[in-house]
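Engineer: Structure below; questions to follow.
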Amino acid sequence: MKIINPATEEIIEDITEDTLETVKAKYAAAKKAQSAWAAVTVEERIACIARFYDLLDGEKEVLASALTSEMGKPLQQSYNELNGARSRIRFFIDQSAHYLKEEWTVLEGATREKIVYEPLGVIANISAWNYPYLVGVNVFIPALIGGNAVLYKPSEFATLTGRHIQRLLHKAGVPADVFQLIVGKGAAGEWLLELPLDGYFFTGSYKTGRSIAEKAASKLVPVQLELGGKDPLYVMDDVADIEKVAAAALEGVVYNNGQSCCAVERIYVQEGVYDRFVAAYEKQARALVVGDPTEARTEIGPLSRPAQLDFLLEQVSDAVAKGAELLYGGKKLQRKGYYIEPAVLTNVNHSMRLMREESFGPVVGIQRVKNDEEAIALMADTEYGLTAAVYSDNYDRAEKVMRQLNTGTVYWNCCDRVSATLPWSGRKHSGLGITLSYQGIRAFVQPKAYHIRG
Ligand code: NAD
């Protein structure tokens, strides 16, 4: 499998993929090793993860540059991702023992009762490439702390970072067979589904997630899916500082080259502030520096995959053909690498693919709305349900809107953010199950009910 640098189109490395036979052997080894890992105290498992937390910091230059080289993220954002991953790991280090310890529910009387949290067993973590450190740690850290063995299949576009993760976890003391990398493309993920694993934890597209859920259904084991989104942002007309809101919206659209599950993908602006918002947004979008992701001044690097470039160009041309106005960008850059100018479109509507399909790139449509009712109807007009943002100077007014949205996360005056203390979950086509928060610790264990008489 060739690892290509999306900024230069050069081959970084040619890596040997797993085969069905090696995947089977890794599973057998994980199965054998898991019970000994589960028998280790939770404090000892947490101590391994704490060493991993330190190692990530010690090697941050190597880790950040590997990430930028294989998926094109601007280097500073690769450092940010590592910091973000470490703060999530910190949360699990600090909170897990509390949420995994046995709980007495009845202490007196003829029958005492308690809950004991046991690991699931050997789980698969099939992951995406856009934030490989961040979305990986949502799963494999609480899974390992919970006493599970993990077969970690990074995306084929994030294999180098996956290899570093494996190396550092082993260095931190996680036994080699307890955390193993599965190298390959979609087929390697499918082989994991042929094996009798005890849980499937997936981050990626709706299409793949759905096929995993269907294949795993008959196994009757936990299946969690963190999928895509078409996340809306609504600007109300009571906002005083339009420049600031436009800057926040733009960052929500283009951060990570627009390749975030919770990126802002649609913007609705109330008519009283619409013209000023569009002008401020366009001006700031024009000022963005698109270029080599290893340079400090770069704000937008290349897209990670060549097919994604054509996909975005098609979304833009479909919108323009249906009457949208392309205010800026939306063109391929004439240089090596999978670069696209950030695109700003107005006069858009929901007949356009741009407003309905996940874009996963630095392009956005801005639509004028009359009032909150119209905004709510448009925000809800999607198959997805990951996040939604409302910008207003009045919390009560914003909350009335947020309560009516069927999404796992809502934001007031912020967007495109994830917190370790809050449950991360998608509704509808955006996912199934929860990572992060105390619920994301408990997602990797199963409760056993003890009835103790005498
Ligand atoms: P993808 O579905 O193409 O691939 C995800 C993983 O699944 C990869 O490791 C891939 O090799 C594997 N895979 C592909 N086909 C498979 C199959 N048939 N069986 C088993 N495994 C298979 O997704 P992607 O392009 O890597 O990621 C982008 C998507 O991920 C976007 O939709 C994005 O919104 C979503 N995402 C969601 C979150 C979240 O937290 N909700 C986070 C990051 C990314």
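The values are calculated or read from the model by the stated rules, or taken from the named source; none is laboratory data. Note that the structure is a prediction, hence the values are computed from the model and not measured. Neighbour counts run over all protein chains shown; Cβ positions are idealised from the backbone, glycine included. Areas reflect the complete protein model, heavy atoms only, side chains present, ligands, DNA and RNA absent. Shrake-Rupley method; radii C 1.70, N 1.55, O 1.52, S 1.80 Å.
Engineer: What is the number of the single condition among (1) over 20 Å from GLN34 (Cβ atoms); (2) near the ligand (Cβ under 8 Å from one of its atoms); (3) over 14 Å from the mean Cα position of the chain (by Cα) that SER155 does not meet?
Structural biologist: (3)
Engineer: Follow-up. Mind counting the residues in the range 109-152 that are without any contact (Cβ under 8 Å) to a residue 40 or more places away in the chain and open to solvent by 10 Å² or more (accessible area, probe 1.4 Å)?
Structural biologist: Within the range 109-152, residues that are without any contact (Cβ under 8 Å) to a residue 40 or more places away in the chain and open to solvent by 10 Å² or more (accessible area, probe 1.4 Å) number 1.
Engineer: Considering only the range 167-176, I want to know if a residue exists there that is at pLDDT 95 or above, open to solvent by 30 Å² or more (accessible area, probe 1.4 Å) and within 14 Å of the ligand (Cβ to nearest atom).
Structural biologist: Scanning the range 167-176 turns up no residue that is at pLDDT 95 or above, open to solvent by 30 Å² or more (accessible area, probe 1.4 Å) and within 14 Å of the ligand (Cβ to nearest atom).
Engineer: Do any residues in the range 181-201 that are under 17 Å from GLU21 (Cβ atoms) and open to solvent by less than 40 Å² (accessible area, probe 1.4 Å) have Cβ atoms under 7 Å from those of residues that are outside any strand (DSSP E or B) and small (Gly, Ala, Ser), where the two are at least six apart or on different chains, and which pairs are they?
Structural biologist: Partner pairs satisfying both residue conditions: LEU181/GLY162; ILE182/ALA188; LEU193/ALA216.
Engineer: Among the residues of the range 239-247, is any small (Gly, Ala, Ser), open to solvent by 40 Å² or more (accessible area, probe 1.4 Å) and near the ligand (Cβ under 10 Å from one of its atoms)?
Structural biologist: Within the range 239-247, not a single residue is small (Gly, Ala, Ser), open to solvent by 40 Å² or more (accessible area, probe 1.4 Å) and near the ligand (Cβ under 10 Å from one of its atoms).
Engineer: Just to be sure I understand the filter: pairs with C-beta atoms under 6 Å, separated by 6 or more residues or on different chains, first member in the range 410-433 and touching a residue at least 60 places away in the same chain (Cβ under 8 Å) and farther than 23 Å from ASP396 by Cα, second member away from the ligand (no atom under 15 Å from the Cβ) and open to solvent by less than 60 Å² (accessible area, probe 1.4 Å). Which pairs pass?
Structural biologist: ALA420/PHE91
Engineer: Also, quick follow-up: So for the range 88-103 (the condition being in the same structural domain as ILE441 (by TED's automatic domain parsing), closer than 18 Å to ARG417 by Cβ and not basic (Lys, Arg)), does at least one residue qualify?
Structural biologist: Taking the range 88-103 and keeping what is in the same structural domain as ILE441 (by TED's automatic domain parsing), we get 88-103.
Within this subset, residues satisfying the condition of being closer than 18 Å to ARG417 by Cβ are 88-91.
Subsequent filtering for residues that are not basic (Lys, Arg) retains 89, 91.
Yes, there is a match, as at least one residue in the range 88-103 is in the same structural domain as ILE441 (by TED's automatic domain parsing), closer than 18 Å to ARG417 by Cβ and not basic (Lys, Arg).
Engineer: Output yes when any residue across the range 272-290 is closer than 20 Å to PHE360 by Cβ, within 16 Å of the ligand (Cβ to nearest atom) and hydrophobic (A, V, I, L, M, F, W, C), and no when none is.
Structural biologist: No - not one qualifying residue is present in the range 272-290.
Engineer: Okay, next question. I'm told GLU373 meets every condition in (1) open to solvent by less than 70 Å² (accessible area, probe 1.4 Å); (2) without any contact (Cβ under 8 Å) to a residue 40 or more places away in the chain except one. Can you identify the failing condition by its number?
Structural biologist: For GLU373, the failing item is (1).
Engineer: Does LEU313 satisfy the criteria of being more than 16 Å from the ligand (Cβ to nearest atom), outside any loop (DSSP other than H, G, I, E, B), out of contact with any helix residue (DSSP H, G or I) (no Cβ under 6 Å at 6 or more places or on another chain) and open to solvent by 10 Å² or more (accessible area, probe 1.4 Å)?
Structural biologist: For LEU313, the condition - more than 16 Å from the ligand (Cβ to nearest atom), outside any loop (DSSP other than H, G, I, E, B), out of contact with any helix residue (DSSP H, G or I) (no Cβ under 6 Å at 6 or more places or on another chain) and open to solvent by 10 Å² or more (accessible area, probe 1.4 Å) - is met.
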